[in-house]
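First the structure, in the form of structure tokens, and then the observations on it.
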There are 4 protein chains.
Amino acid sequence: MARIDINCDMGESFGNYIYGADEAIAGYITSANVACGFHAGDPSVMSRTVALCREHGVAVGAHPSFPDLLGFGRREINATPEEVRDYLTYQVGALMAFTRAHGVRLVHVKAHGAVYNMAAQDKRLALAMAQGVARVDPALIFVGLAGSLLIDAAREIGLPAAAEAFADRAYNPDGSLVSRRLPGAVIHDPAAVAERVVRMARDGTVVSITGELVTVSPDTICVHGDTPGAAELARAIRQELAAAGIEAGPLDPLLLCTRRPGC
Amino acid sequence: MARIDINCDMGESFGNYIYGADEAIAGYITSANVACGFHAGDPSVMSRTVALCREHGVAVGAHPSFPDLLGFGRREINATPEEVRDYLTYQVGALMAFTRAHGVRLVHVKAHGAVYNMAAQDKRLALAMAQGVARVDPALIFVGLAGSLLIDAAREIGLPAAAEAFADRAYNPDGSLVSRRLPGAVIHDPAAVAERVVRMARDGTVVSITGELVTVSPDTICVHGDTPGAAELARAIRQELAAAGIEAGPLDPLLLCTRRPGC
Amino acid sequence: MARIDINCDMGESFGNYIYGADEAIAGYITSANVACGFHAGDPSVMSRTVALCREHGVAVGAHPSFPDLLGFGRREINATPEEVRDYLTYQVGALMAFTRAHGVRLVHVKAHGAVYNMAAQDKRLALAMAQGVARVDPALIFVGLAGSLLIDAAREIGLPAAAEAFADRAYNPDGSLVSRRLPGAVIHDPAAVAERVVRMARDGTVVSITGELVTVSPDTICVHGDTPGAAELARAIRQELAAAGIEAGPLDPLLLCTRRPGC
Amino acid sequence: MARIDINCDMGESFGNYIYGADEAIAGYITSANVACGFHAGDPSVMSRTVALCREHGVAVGAHPSFPDLLGFGRREINATPEEVRDYLTYQVGALMAFTRAHGVRLVHVKAHGAVYNMAAQDKRLALAMAQGVARVDPALIFVGLAGSLLIDAAREIGLPAAAEAFADRAYNPDGSLVSRRLPGAVIHDPAAVAERVVRMARDGTVVSITGELVTVSPDTICVHGDTPGAAELARAIRQELAAAGIEAGPLDPLLLCTRRPGC
């Protein structure tokens, strides 16, 4: 039976500022990437978010970022790989403390925004990030863009890696994402999105923006929690997965792309 | 044989800013309170500081603070006890990640500056802080001013507590510290300071500013790393302790004030 | 003909975080207190907010705060008066630059949150704040709680002062505000709020929570932009003012409480 | 008679952290670039620094940066030109408030670190920065690397521009600076540095690292205040300038490179 993880960024409120729709979406996802205070989130938000995940049986992961609250972690910063490694260690530790506090386990780490995108194409940076995680706990699962250097880096140092695909993003024929600046980059129709998720989970394929069948065999599929209708979209995905007989469940080290040749 | 821990704040540099004399003092102390990024310190400084402690066999503790880099954590902020609890959990976790990264153990937690002083006199705040630590790891040792509510709070929730005295601060007859605003509050003569440390460690007493013998029976004595001549002072203390046949060593859960009635 | 200023906090978004309903409310107010980056706001938000004010003919004021984005400026910090004076100078200057950029004038300064409340009862702090403003431009109008030390401080150094009342807050018989922790402290009924505003503007009185008639003779009345229905409330106030023949207009130095004996 | 401005970064302390040797160097420079809180500096440091400049008759300029205290403004951030424009407006305004407070004039603006270097080669960014300054006060002098796009951008929008050279940096034959990563990039010998300054000021030339005579005709020469011996170096420069009959004085709008063809 096919199985897929549905992940979503959570805990991105900060102080007086509310962001996302965590409570509405928590019932429809299987993993949460919890912000750690560098691009979003603060200690109290982190604590509440981990408690929310526990309540809904959602697996908790860290969502570390560049230190850039003002830019929401979306701006490239030419920090050194060593600095970024230390940023990841710091943030993973901070969130791990809250998982201990709430009696749950920290399962995975998925970097946020600009640092995720930069490392997907920069092996030295990706390796530094994987090391920043592995030295805290080598059993943590490192989530990265399917086919990217994030996956290669984790494999190289023996850290479990999970390949990620995006539910609502268009793909190029080579398996890369269509740039957000191009028309059609984001798919808004819930039915189309749900259908793509089923296909990726069941067949390991997606139809590219130019019509070719592309191999994308993810361990986890990202849904966005900060778009209007995010909860409805997540619900539609779960419904279609169930209808297709595909189990939705958190990342399982035994089933990861790390273990598949060519992942 | 008498035994005492000598602790010092470390890792208080930040980015381009250098602070303290960590390398000079590391050879003379037995425990380090490592800043966690809220009043001082940053991820890379934390990593280097834990590595330095490891190299010198210095026990590593967390030194959490209010989030106030501009005020160096020395200004009172009327945050709620719940907020402060979450601040401590966050910072303890962040530092714990670096102790894992460097293969050492996180031994204790000593709050910094304003939040330490406020909690010494505010039971609700002290309890929140002790809980913020205990829920990460109930074996962590909570360092607090000898005789203060910090010690009471830790005992109340079953967290190991260590009573702290200050090497270079004058005491009032009731065992409290003479306010820094008063003349004679800080003792600058290394010989006098070393002699006081020996007396506190061996006899459990200190001569108050008005001449009375006061009972102060600390588990750990704080030396300041950010004063001129800090390393010389620490060296003098170690020399006098050795001369008096008193062992200097990190905090030991079996010997803590928690286990002494009336601590 | 009676005249009153209606002020509202604006520009409290930050980076990716949206806050308040600035666009909806801009048409119904006559003065805006624009956040300056310390508790909320960022350079781009400040620029957009000043542009919005210009578009609607709303007078622009600075809304400086303690440096506490995490606490939204609502937490007391025991900074020194000199530090706070410098915080105000800095923030007033930063906003003044955007008023120059958009070709409008900076009219007033109203401190935010905790620092406003603390200074209302602390003359030394209030004086430092007034000086922090006056040394940038002695023609700036300093807005403070009617009858508080903020007003006294401004008068003492010759800075124009404007007395502020609150549209939706209950008053004690002595003219102070009922603590938000007590029932009835906030009035939610738009008709009741509008009626109170008219009475304060026309008669200089308000009915206290215990039924007594209290003298409150404000130059400006604060409406809150971050409560549900804020724009409707502001509209209702403007409508009732118009119906009562009371002009709504920005602060005018010639009409301020500073010029009234006993203000 | 030849004339040159000697500028130095100042006010780069922050809170409890001391940086540079402002007091020692203030007597030897003619212009100060004062940090504005984004990469260094805080409101109280800014106030003290402007007071120090006033005392020594040093012309005050703003030294705005990317918002990156942790990286001391030395890391590239791919912020949009509009964001950077707003950052400059904000910081220029904040410092201008302190010049008003101390009764001096804000004379120039020189961007710091990464944003200065990026804009020297990015016309769109340079233009945004020049506009961010001009809209606060079109009489402010915009300091940029001699021959760079910073100068072009200022000229293009009619903002006075001052060309900057570096006292202790080696030049390539094309007039660009030798990368700090290469040997010989920084000149440490005070006599050699002073001699170069005289030559640049008097003859408009410098000998490149490969021995060619290069045209460099600066309005202002930067000395670094954060290197050991900075004050001695500055003193040597002033002495040699005096010996060569070259006046050292602040930037003068009538003498700027803006007015020279080909600047």
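Read-outs throughout are calculated quantities, based only on the coordinates presented, and are distinct from any laboratory measurement. Just so we're clear, the structure is a prediction, and the values are computed from it rather than from any experiment. Please note: Cβ atoms are built from the backbone with ideal geometry, for glycine as well, and neighbour counts cover all protein chains shown.
Would you mind calculating the relative contact order of the stretch B:3-259 from Cα pairs under 8 angstrom and at least 6 residues apart, reporting the percent as a whole number?
21
Just tell me how shielded A:16-23 is by partners: mean number of partner chain Cβ atoms within 10 Å of each residue's Cβ, no decimals.
Other-chain Cβ atoms within 10 Å of each residue's Cβ, averaged: 4.
Rounded, prolate or oblate, given the Cα gyration tensor of the protein assembly as shown, with a/c below 1.5 counting as rounded?
Rounded is the answer for the protein assembly as shown, as its axis ratio a/c remains below 1.5.
Just rank C:V214, C:V186, fewest to most, by other beta-carbon atoms within 10 angstrom. Can you show the working numbers first?
Numbers: C:V214 18, C:V186 15.
Final ranking by Cβ density, sparse to dense: C:V186, C:V214.
Which is farthest toward the positive dipole end of the stretch B:3-259 among B:I157, B:F72, B:A194, measuring Cα position about the Cα centre, with Cβ charges +1 (Lys, Arg) and -1 (Asp, Glu)?
B:I157
Cut-off under 27 Å on the C-alpha distance; same-chain residues fewer than 8 positions from B:K123 excluded. Which lysines are left, in chain and number order?
Within reach: B:K110.
What distance in nm separates the two pseudo spin-label positions at B:A191 and C:I18, each 7 Å out from Cα along the beta-carbon direction?
Between B:A191 and C:I18, the simple spin-label model gives 7.2 nm.
C:A139 versus C:A243, label points 7 Å from Cα toward the beta carbon: distance in nm?
In this crude label model, C:A139 to C:A243 measures out at 3.9 nm.
Within a 10 angstrom radius of the beta carbon, how do A:M10, A:M129, A:M96 rank from fewest other beta carbons to most?
Fewest to most other Cβ atoms nearby, the residues stand as A:M96, A:M129, A:M10.
Mean residue ellipticity at 222 nm from the helices of chain C, using -39,500 (n - 2.57) per DSSP H segment of n ≥ 4 over the full residue count, to the nearest 500 deg cm²/dmol? Display every interim value, and only then the final one.
Values: 8 runs with 95 residues, N = 263.
Using -39500 (n - 2.57) per qualifying helix, the result is -11000 deg cm²/dmol.
What list do you get for A:E240, B:E12 if you sort them by fewest beta carbons within 10 Å? Intermediate results must be reported in sequence, preceding the final value.
On the way: A:E240 20, B:E12 26.
If I rank by nearby Cβ atoms, fewest first, I get A:E240, B:E12.
Please identify, among A:L140, A:L177, A:L233, the residue showing maximal mean-square fluctuation in a Gaussian network model of chain A using a 10 angstrom Cα cutoff.
The residue with the greatest mean-square fluctuation here is A:L177.
Given the stretch D:3-259, what percent of its DSSP beta bridges are antiparallel, to the nearest 5?
That works out to approximately 20 percent antiparallel.
Considering chain A, which cysteines have no disulfide-compatible partner, defined as another cysteine with its Cβ under 4.7 Å away?
A:C8, A:C36, A:C53, A:C222
Restricting the count to DSSP beta bridges whose residues both fall in the stretch D:1-107, what percent are antiparallel, rounded to a multiple of 5?
10
Give me the one-decimal nm value for the distance between modelled label points at D:R202 and B:E212, 7 Å along each residue's Cα-to-Cβ direction.
7.6
For A:T80 and A:L182, calculate 0.36 nm times their separation in residues minus their Cα-Cα distance, and state this gained length in nm to one decimal.
Computed gain between A:T80 and A:L182 is 33.7 nm.
Can you give me the long-range amide H partners of A:L69? Hydrogens built in the peptide plane at 1.01 Å from N, cutoff under 5 Å, separation of 5 or more residues or another chain.
none
Tell me whether the stretch A:3-259 comes out rounded, prolate or oblate; compute the Cα gyration tensor, take square roots of the eigenvalues as a ≥ b ≥ c, and use a/c under 1.5 as the rounded threshold.
On the way: a/c = 1.41, a/b = 1.20, b/c = 1.18.
Rounded, because the longest to shortest axis ratio a/c is under 1.5.
Looking at the stretch C:137-220, what % of its DSSP beta bridges pair antiparallel, to the nearest 5?
Antiparallel: roughly 50 percent of the beta bridges in the stretch C:137-220.
Assign unit charges at the C-beta atoms only (+1 for Lys and Arg, -1 for Asp and Glu), then state the dipole size of the protein assembly as shown relative to its Cα centre in Debye, rounded to the nearest 20.
0
What is the mean number of Cβ atoms from other protein chains located within 10 Å of the Cβ atom of each residue in peptide C:31-43, rounded to a whole number?
Partner-chain Cβ atoms within 10 Å, mean over residues of C:31-43: 3.
So if I take the centroid of the Cα atoms in the stretch A:109-136 and the same for the stretch B:57-74, what is the distance between those two points in Å?
27
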